[in-house]
Structures are given as structure tokens and as C-alpha cells.
């Protein structure tokens, strides 16, 4: 599934490809992709005549911001957008086509058919699912260390599970959680509440570092994801821990191990990310975090 860097890359590419275009008509051939409204024909009618003003993103969701309506799109596993000329052959698994007044077409293709689309009145999208319960946005200025600490420090769940929870922090998936935890030297099974302030600060910094590097590289093409203009992302060449099971750690040379945390395959180095859990240490860490709390606070083709 595309994570924040991949969806951000898609957003940037669609900004170049479709912003300023006006929708003449829409056709939907797979009704279950359209989650709102319930009537597919109403979805098609409600989009006709609207001009795309801006491409936005919230976590892993794309936002087509138009004059009066907002289309919220989730690519899921295999969803892709591509810009075509009228008359170009339509590829198999193309389920939604947006016909523009200039003769071009934005086509949504989804082999696995897991993608979703919701249509809202402009501004109302944040009051309803799927956007209403999303957590902190890592690439926003509001993602400060204090905000991060406030949503993570007291969680009793394993830190990887906490970071994957989209109600706490949005956009992080399996790849970038593994990468950030490795860079921070934190074992993925460490309970979040046992991390001391230095570890939390390091993790916050490594989340930002990892995501920004991945965005600049156009995301990671691990399976079928392609970025702007149908090209692969390049961050997979920079991965330090994810996908490196049985390979030597890039830092210490120890063999990288893989386990399952929260139902997700998880890569870690047992030397660089030791799991340290003692009842005494747990009590000490909780007091330290508590005292700190009391002081303040799929791709695009075109």
C-alpha cells in the first residue's frame, strides 16, 4: 500500500497534470469504489462542470479540491491515476474516467479493486469518515516534538503498533516505520510508554528525516508503485533495514532479523535495536516522561 511519501509524490504529479482542468463528465464502471454518495449516477452528475483548483493530501488520502466539492481518494494496494488523450486505448481494470473539457482524460485503474472515493461539499470532508479521525500530519509544522510526545508517550502498545495507528499519526506504514525505528535505534516491540525522552526526541527526528528523504526520492517502488509520469520511486535503493532479512546490518554487520509485530512483517537489527525491558526501567521511564509532560505540554502516469 502506498504510504505518505508515495501519495505525496502522486499529489505533486497530479498538481502538474490536472490542476486547472474542468470536468465535463465522469463514468464509473465499478460502483463499489464509490463510497459516497450511494448513487453512482449522482456521483457522476455532481462532478460534472467542476474545475480542479488544487491537489491536497491528508495522510494516505488524496484530495481533489474543486470549486464547491472535494473528492477524497484512497489508492489502497494498486490504485493508479493516469492522464490520457481522448481516443487512447483504455487499459484493463480502468474503473473510473474523468473526461476534461480540453479532450484529456484522467483514468483511475485498480487491479485489486480496493481503492475508494468519497465526494463531499468543500470543507465538509474533515467532518466525516475517512478523514474525521486521522491523527497528526508528519509533514505539517504542527508535528512538533511536544505534539508527537503527547500522542505517543503514554501508549502501552508496542511502539511499531502505535506508529502504524492512523488515529495517532497519519501516513506511516510498514516500510517507513521500520526505517525510522532503525535510525532511532529502537526495537519495534518496545512499549511506547517505556521510551525515555531522549529516545522520543530521536524517533521524532528520524520520522521526519526518513519521510523527507523518501519524498525527495519519489517514494519506494517495492511492488507495483510508480511515481510521477509512470516512473518508479527510488527510495528503495536507500532503505537501511526494510526488506533486508538475513543481510548484514549496514551499521554493525549483524544479520538483520524479521519478525511479526501487530500482524506486520517487521525488520530490525537486534544489536542496533536492543529490546530492554525491566520493571525498574519501566517505572523510571514513566516518571521521566511524566515529568516532561507536566512541564508543557500506486502511482500516476501522464
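The values are calculated or read from the model by the stated rules, or taken from the named source; none is laboratory data. Here the structure is a predicted model, which means the values were calculated and not measured. Please note: Cβ atoms are built from the backbone with ideal geometry, for glycine as well, and neighbour counts cover all protein chains shown.
Of note:
- Selected residue (only one of 171, 135 is at pLDDT below 95 and either out of contact with any helix residue (DSSP H, G or I) (no Cβ under 6 Å at 6 or more places or on another chain) or crowded, with 16+ Cβ neighbours inside 10 Å (or both)): 171
- Extreme residue, modelled with the lowest pLDDT, among residues of region 13-58 that are touching a helix residue (DSSP H, G or I) at 6+ places or on another chain (Cβ under 7 Å) and either in a helix (DSSP H, G or I) or not assigned by TED's automatic domain parsing to the domain that holds residue 111 (or both): 13
- Restricting attention to region 180-193, the residues being closer than 15 Å to residue 150 by Cα and buried (at least 21 other Cβ atoms within 10 Å of the Cβ) number 1.
Residues checked against (1) in the same structural domain as residue 149 (by TED's automatic domain parsing); (2) at pLDDT below 90; (3) farther than 22 Å from residue 189 by Cβ:
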site: 199; (1), (2), (3): yes, no, no
site: 226; (1), (2), (3): yes, yes, yes
site: 269; (1), (2), (3): yes, no, no
site: 280; (1), (2), (3): yes, yes, no
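- Exactly one residue out of 118, 93 is assigned by TED's automatic domain parsing to the domain that holds residue 22 and either exposed (fewer than 13 other Cβ atoms within 10 Å of the Cβ) or touching a helix residue (DSSP H, G or I) at 6+ places or on another chain (Cβ under 9 Å) (or both), and it is 118.
- Close contacts from region 41-57, counting a first residue that is closer than 12 Å to residue 27 by Cα and a second that is in a loop (DSSP other than H, G, I, E, B), with Cβ to Cβ under 7 Å and a gap of 6+ residues or different chains, come to 43/37.
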